[in-house]
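The values are calculated or read from the model by the stated rules, or taken from the named source; none is laboratory data. None of these values were measured; they are calculated from a predicted model. Every residue, glycine among them, receives a Cβ derived from its backbone with ideal geometry; neighbour counts consider all protein chains shown. Calculation scope for accessible area: heavy atoms of the full protein, side chains included, ligands and nucleic acids excluded. Shrake-Rupley method; radii C 1.70, N 1.55, O 1.52, S 1.80 Å.
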Amino acid sequence: MLRLYAILATVVLAIGLGAMWLLTRGGSDDKFAQCRSSQIAGGSATIGGPFELVNSKGEAVTDKDVITEPTLIYFGYTFCPDVCPFDMSRNAEAIDLLAQRGQSVTPMFISIDPDRDTPEVLGDYAFNLHERMIALTGSPEQVKAASKAYKTYYKAHDKSDEYYLVDHSTFTYLVTPEDGFLEFFKRDDTAEQMADKVGCFLDQI
């Protein structure tokens, strides 16, 4: 009887270890699992998707036109006094660090203030931040649709004041044309941390 219990215990242990291996390694089809640090409610497939906007040349573009390689996307506005310039400068620095490592990533800025951020304004803004930056605007409806796809938040203050501010979320999103949304970064992530994390994802592609 004791021998039978011992055999049963061994079988149960083996099954348990096998299940743990499947859960932690063999059972996951997420090739980026080792790179992920964020948990998304509903999964990463709930963030991102198609959009139609206007580039700094006034041309209508879709997500497929502009996301042609790994891309860091940020939603902000050019009149933003402090948060956006800091975040975009950090993103540009991360892009340059990745370039030094032989990894190409595009910085992208999507305006959530289409009333003031015309294509011309965005063109100057992007040029001053990074030579490879893609800046996009659009109609209020187009901007709202893009923001909704990426689950971002924005709300303008009283627009009767020409210097009105816009409250908005400040995440940066890593997106690739093949896999869509992969990861988001918060304001306290440094350029070095971003470069390391993005590099991890790119190594798995």
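From the cross-link list Lys31/Lys197; Lys159/Lys186; Lys144/Lys197, which pairs have alpha carbons spaced over 24 Å apart?
From Lys31/Lys197; Lys159/Lys186; Lys144/Lys197, over 24 Å: Lys159/Lys186; Lys144/Lys197.
Which percent of the accessible heavy-atom area of the range 128-193 goes to carbon and sulfur, probe 1.4 angstrom?
The computed percentage sits at 51.
Tell me, what ³J(HN,Hα) does each residue in the range 152-161 have, in order and in whole Hz, if you take phi through Karplus 6.51 cos²θ - 1.76 cosθ + 1.60 with θ = phi - 60° and put x for Gly and Pro?
9, 10, 7, 8, 7, 6, 4, 7, 5, 8
State the antiparallel share, in %, of DSSP beta bridges confined to the range 39-167, rounding to the nearest 5.
Antiparallel: roughly 45 percent of the beta bridges in the range 39-167.
Taking K and R as +1 and D and E as -1, what net charge do the other residues with C-beta under 12 Å from the C-beta of Gln100 add up to?
In short, -2.
Work from the charge dipole of the range 104-205 (Cβ charges, +1 for Lys and Arg, -1 for Asp and Glu, about the Cα centre) and give the residue of Phe127, Cys200, Phe184 farthest towards its positive end.
Phe184
Once the other residues with Cβ under 11 Å from the Cβ of Ala195 are scored (Lys, Arg +1; Asp, Glu -1), what is the net sum?
In short, -2.
With a probe of 1.4 Å, find how much accessible area the range 90-139 has per residue, and write the answer as a whole number in Å².
Numbers: 2060 Å² over 50 residues.
About 41 Å² of surface per residue is accessible.
Quick one: putting +1 on the C-beta of Lys and Arg, -1 on the C-beta of Asp and Glu, what dipole do you get for the range 39-195 around its Cα centre, in Debye to the nearest 20?
That gives the range 39-195 a dipole magnitude of about 320 debye.
Suppose we keep just the DSSP beta bridges with both residues in the range 43-110; what percent of those would be antiparallel, to 5? Present the calculation step by step, with values, prior to reporting the outcome.
Details: 3 of 8 bridges.
For the range 43-110, the DSSP antiparallel bridge percentage is about 40.
On the principal axes of its Cα set, how long, how wide and how thick is the range 99-186? Give whole Å, largest value first.
47, 27, 22
Can you run the Rg to Rh ratio on the range 33-178? Use alpha carbon positions and the Kirkwood inverse-distance Rh.
Values: Rg = 14.9 Å, Rh = 15.7 Å.
Here Rg/Rh amounts to 0.95.
State, in angstrom, two size descriptors of the range 69-114 derived from its alpha carbons: Rg to one decimal place and Dmax to the nearest whole number.
When restricted to the Cα atoms of the range 69-114, Rg and Dmax are 11.5, 35 Å.
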